[in-house]
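The values are calculated or read from the model by the stated rules, or taken from the named source; none is laboratory data. Please read all numbers here as calculations on a predicted model, not as lab measurements. Cβ coordinates were reconstructed from backbone atoms using ideal geometry, including for glycine residues, and neighbour counts include every protein chain displayed.
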Amino acid sequence: MSAGSPISLGWYADTVHAIPRTNRPLTKEEFWQANVIFNTYLEMNLVGVGEVMDLIRPPIRHLQMGPGRPFFVLCLGCHRIDWRNFIDPTTVSRVDPRVAMLGHCECMCCRGCVMLEDDVDGWRRCPKCLRPKSHSTDYPLWPFPDEHFSALTERTRKKVEG
Ligand SMILES: [Zn+2]
Ligand SMILES: [Zn+2]
């Protein structure tokens, strides 16, 4: 089940949860050092994913795209994983801790941080803002920057066409 309203991927969305607050406006240079733009997320369906993932395409339940929205470059939980070295979650193990996970709270944290939270009825709370039911175990949100989503789309197209 989805939790509430869709997450905005529009540039002008309120990014209070995404960008750490400062007491003055960022300069352009600081902004680009501090942020990575994501414009797509996939709501996955990981129920019975075993075979599907290797065959044709990852089991996507819902796709949402927007003009792009800035997210802080580091995992908001541990501040160690850097989204500038984006790892496509469809190319690594489903427990790889470096993968970006978008919470329904709109915080972006690494899978390593999310997995440290207890699974309560299929949901984990956000490691950053602690909102319950932020990360669904079976229906996680996998966010992508534009170029990486384009690469995934291209790979999938080739597989489907054989
Ligand atoms: Zn983390
Ligand atoms: Zn959060």
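Okay, here's what the table says:
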{"read-out": "The range 74-94: number of residues that are within 12 Å of ligand 1 (Cβ to nearest atom), touching a residue at least 24 places away in the same chain (Cβ under 8 Å) and not in a helix (DSSP H, G or I)", "value": "6"}
{"read-out": "Residue in the range 95-116 that is surrounded by the most Cβ atoms within 10 Å (Cβ to Cβ), counting only those that are free of Cβ contacts under 8 Å to residues at least 60 places away in the same chain, within 11 Å of ligand 1 (Cβ to nearest atom) and not aliphatic (A, V, I, L, M)", "value": "109"}
{"read-out": "Residues that are under 20 Å from residue 145 (Cβ atoms) and either modelled with pLDDT of 85 or more or not hydrophobic (A, V, I, L, M, F, W, C) (or both), drawn from the range 8-31", "value": "8, 9, 10, 12, 15, 17, 20, 28, 29, 30"}
{"read-out": "Condition met for residue 149 (touching a helix residue (DSSP H, G or I) at 6+ places or on another chain (Cβ under 8 Å) and touching a residue at least 60 places away in the same chain (Cβ under 8 Å))", "value": "no"}
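Yes or no, residue by residue, for (1) among the aliphatic types (A, V, I, L, M); (2) over 21 Å from residue 47 (Cα atoms); (3) in contact with a helix residue (DSSP H, G or I) (Cβ under 9 Å, 6 or more places away or on another chain):
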position	(1), (2), (3)
89	no, no, yes
95	yes, no, yes
105	no, yes, no
109	no, yes, no
112	no, no, no
128	no, yes, yes
139	no, no, no
